[in-house]
1. Give the distance, in whole Å, between the Cα centre of segment 1-21 and the Cα centre of segment 151-187.
2. Please give the calculated 222 nm ellipticity per residue for the chain, where each DSSP H segment of at least 4 residues contributes -39500 (n - 2.57) and the sum is spread over every residue; nearest 500 deg cm²/dmol?
3. Roughly how tilted is helix 49-72, in degrees to the nearest 10 and between 0 and 90, from the longest Cα axis of the chain?
4. Of the residues Phe36, Phe120, Phe45, which exhibits the maximal mean-square fluctuation in a Gaussian network model of the chain defined by a 10 Å Cα contact cut-off?
5. What number, in percent, do you get for the relative contact order of segment 22-172 if the mean sequence gap of Cα pairs under 8 Å and at least 6 apart is divided by its residue count?
6. Can you work out the base-10 log of I(q)/I(0) for the chain at q = 0.13, 0.20 1/Å, using the Debye formula on its C-alpha atoms alone?
7. From the phi angles alone, apply the Karplus equation (6.51, -1.76, 1.60; θ = phi - 60°) to segment 5-16 and give each ³J(HN,Hα) in whole Hz, x where the residue is Gly or Pro.
8. Compute the long axis of helix 19-40 from its Cα atoms, compare it with the longest principal axis of the Cα atoms of the chain, and write down the angle in degrees, 0 to 90, nearest 10.
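All of the numbers you see were taken from the coordinates with simple rules; none came from a lab. Please read all numbers here as calculations on a predicted model, not as lab measurements. Neighbour counts run over all protein chains shown; Cβ positions are idealised from the backbone, glycine included.
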Amino acid sequence: MPGPLFAMTITKASKSKIAGALIAVGHGIVEFPLMFLIFFVLSQFEIPSGVQVAVGLLGGLVMIFMGIKAFRNRHKQEESAVALKRDSILAGVWTSAANAGFILWWLTIGTTLILNAKLFELAGFAVFAGVHWLTDFLWYSIVGLLIFKSQKFWSQRTRMGITLFCVAVFIGFGAFFMTSALWSILA
């Protein structure tokens with residue numbers, strides 16, 4: 001699904017053919033502990049609305065910050081290969097952790113999916129978690145590879161357009177998360 005992690009994959013994959021896979025690894029670093037936390041602890045409780053509001057406000061603020069940072073760095077030159085690999089993993093971690101939609105999805109729909117997997121005990125949960133992450137890994141790896149391979153056909157204007165699109169995705173999602181959180185306070 002196009003969102004902040006997808007936008008980050010596009011941004012990083014223009015410099016490395018394995019950026020999508022590394023971003024998925026970073027995403028998994030956040031996602032697996034969250035799934036385990038839901039499976040073993042949170043699935044037994046209802047999440048208070050104040051927590052959901054806080055996640056929306058903080059996550060939205062971080063997304064907007066990431067968009068501004070990407071906009072400011074739009075003209076920077078390529079990084080070293082080691083820095084790029086480390087930064088791609090960290091980008092997956094930060095983009096996932098700061099994405100209020102990701103957190104809220106896991107606290108709502110994801111919790112429901114985990115409760116369904118829980119019917120088959122730990123084995124069902126393990127299959128669900130593994131298949132879910134493997135799907136993410138394959139998706140972001142393929143997207144990243146396609147972006148990397150196709151970039152030789154891009155003009156500088158195309159590159160700037162893609163960068164600005166990614167900036168708009170970050171800022172747009174951040175504004176949406178913050179507005180939704182504020183709206184839920186007023187409702």
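1. After rounding, the separation between the Cα centres reads 14 Å.
2. -27000 deg cm²/dmol
3. 10
4. The residue with the greatest mean-square fluctuation here is Phe45.
5. Relative contact order for segment 22-172 comes out at 45 percent.
6. -0.71, -1.34
7. Rounded to whole hertz, the list is 5, 5, 4, 5, 4, 4, 4, 6, 5, 5, 10, 8.
8. Once rounded, the angle reads 10 degrees.
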